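Following: one structure in structure tokens, then a few remarks.
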Amino acid sequence: MQSARYTRGMTLLGFVIVLIIAGFFAFIGMKLFPPYAEHHSVRQAMIELSNEPGIAQKSPADIRKMLDAKLYINYVTLKPEAVKIERSGQGVTLRVNYESRGNMAGNLDYVVTFDHTVVLGPNPR
């Protein structure tokens, strides 16, 4: 039977190429995981803050302190200009807009931008 001769599987060269491609994507994933994990912590802190009772009556400075306390637990620090707290007719709006920069390899860098807004108060959605 000649069909068994041609169905031996992947060659060593093919296997090495697959390993290189998988390693490349694993490397990119390892480099980009920390900024996205940090952003997940920021979003969770904002959602928890929006569910706090009486949060809409607090001053912007108090809201900022509460947000910083929630972020401190997860070792996240944001620059003061990244956090905007505004009062409007709908209530209090909390917006976090920041970017994360890092080195990928050599002189190759990445920039990831995050922007998330929540409405604080009794009906945040």
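The values are calculated or read from the model by the stated rules, or taken from the named source; none is laboratory data. Predicted model only: the values in this text are computed from it and were never measured. Because the Cβ atoms are built from the backbone with ideal geometry, glycine has one as well, and the counts that use them run over all protein chains shown.
Remark: Gly23 matches the filter, which requires a residue to be of a type outside the set (S, T, N, Q), modelled with pLDDT of 95 or more, part of a helix (DSSP H, G or I) and farther than 26 Å from Gly121 by Cβ. Quick one: is Gly91 buried (at least 16 other Cβ atoms within 10 Å of the Cβ) and out of contact with any Ser or Thr (no Cβ under 7 Å at 6 or more places or on another chain)? Spelling it out, Gly91 is indeed buried (at least 16 other Cβ atoms within 10 Å of the Cβ) and out of contact with any Ser or Thr (no Cβ under 7 Å at 6 or more places or on another chain). For segment 50-108, a residue qualifies if it is assigned to a helix (DSSP H, G or I), touching a residue at least 24 places away in the same chain (Cβ under 8 Å) and in contact with a strand residue (DSSP E or B) (Cβ under 9 Å, 6 or more places away or on another chain), and the qualifying residues are Ser50, Ile55, Ala56, Pro60, Ile63, Leu67. If the condition is being of a type in the set (Lys, Arg) and out of contact with any Pro (no Cβ under 9 Å at 6 or more places or on another chain), then segment 36-83 contributes Arg43, Lys58, Lys65, Lys70, Lys79.
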